[in-house]
């Protein structure tokens, strides 16, 4: 009869701090009461601070939230207080199995593991392509608005509110992340409720701003703070969205949980961390990937190729230096790849369809820039020159998508800079923007109106002015 394998050696909080983003699995930690747990799957890691994973706790499957920073007690206590506040208010949240310090430093909160749980963020991805205000998508949001109304009546707000903090398990919607829950015991004021509701709604695609009244009505119907006004809520959505945008654009060019950045004297690269492994060969030698791919464009200033990669094809756009003068003119400026990388992430944050930006590479000599590459997901959609006929108006889905896209861009003061029909793709029920080299979000109405006049005129030139489609666009597009 074989002997049971010896237990894993204990891992201290200091070792988990030092392990960075990839603590070796499995690992075992001990609570101060002598019980231990074995973490065998990582779900989220905040390097040096927090580890969330699936674990075994005396034969019970649990979700382990480990606070491993040197000063972790404050966050651990806030997590415990937040969970208790949710339970006291009758807000569904996973049951706590244990909450205790770790032997040798650090703290743990262990909650019931819900194998069928799906976050609202995951469920939203299945309806994100639907038009703003769509009944199915709205029905997905209403239960979260119900729970939020209940929290606000109980005087509770979540300081880091997002769709990922709601879990659907069976027929129940639960709230997680007690660390960011706070409250005074009295119902929130209209200003505080608007700020918290605005934090959630700011993370929807910007096209949903036109559905603000319907979302607010659903919140009020659930018993939310009645005095929250639509204008007040819109102002909060705009404020939070502006903050999120600035934060995200800064993150996309620095090493963090979302992006892996490698900065050397001769090279800069940024890659979406989740795609780093599958793109590693391409990142090592982007020219080889371009040469081996299917050439989509071969110009003096840029070369575009479709290339194979693990997990799906990608598009590589290489920005060339056509002459010594051109090279000198680009030395001190951010490359067009850098600009397109940021603008693609901007559009993505606003929920405006564009192929997902995956990686940015720049050749450098200290602060001087030379050639650059941008890698995006491949979008197989047909461009609008192919998809639309000048002899008839767009179909219902196309008409709604075109109107929604340009209404959203207009509201956000975003100009594209080169609205050829070939830069607009029909894909998955929406119009996708590509070639973002000149895409700009303008600070002033004056600058935007000037750019929109050019964009509008360029778009209309794709089809005869007197054609049925041309006349429809004239009526449908925002005025110049």
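Points to keep in mind about this one:
- Stretched out straight at 0.36 nm per residue, the stretch from residue 356 to residue 461 would grow longer than its current Cα-Cα span by 35.0 nm.
- Alpha-carbon centroids, the stretch 286-324 and the stretch 247-279: separation in whole Å: 20 Å
- Structure-derived Kirkwood radius over Cα pairs in Å - corresponding label in [x] 23.1; [y] 27.9; [z] 25.2: [z]
- Taking packing as the residue-averaged number of other Cβ atoms within 10 angstrom, the listed peptides 106-115, 256-265, 275-284 run from highest to lowest as 106-115, 275-284, 256-265.
- Between helix 336-350 and the chain: long-axis angle, C-alpha atoms, 0 to 90°, nearest 10: 60 degrees
- Mean-position separation - Cα centroids, the stretch 390-412 and the stretch 195-234, in angstrom: 25 Å
- Peptides 456-468, 46-58, 144-156 ordered by packing proxy, namely the average of other Cβ atoms within 10 Å per residue, highest first: 144-156, 46-58, 456-468.
- Rounded to the nearest 10 degrees, the inclination of helix 230-251 to the longest alpha-carbon principal axis of the chain is 90 degrees.
- Between the C-alpha center of the stretch 62-119 and that of the stretch 440-475 there is a gap of 53 Å.
- Take each peptide in 12-22, 293-303, 218-228, count the other Cβ atoms within 10 Å of every residue, and average; sorted highest first, the result is 218-228, 12-22, 293-303.
- By the helix-only formula, in which each DSSP H run with n ≥ 4 contributes -39500 (n - 2.57) and the sum is divided by residues, the chain has a 222 nm mean residue ellipticity of -11000 deg cm²/dmol.
Computed from the coordinates by the stated procedures, all read-outs in this text should not be read as laboratory data. Quantities reported herein were computed from a predicted structural model and do not represent experimental measurements. Cβ sites come from the backbone with ideal geometry, for glycine too, and all protein chains shown count toward neighbours.
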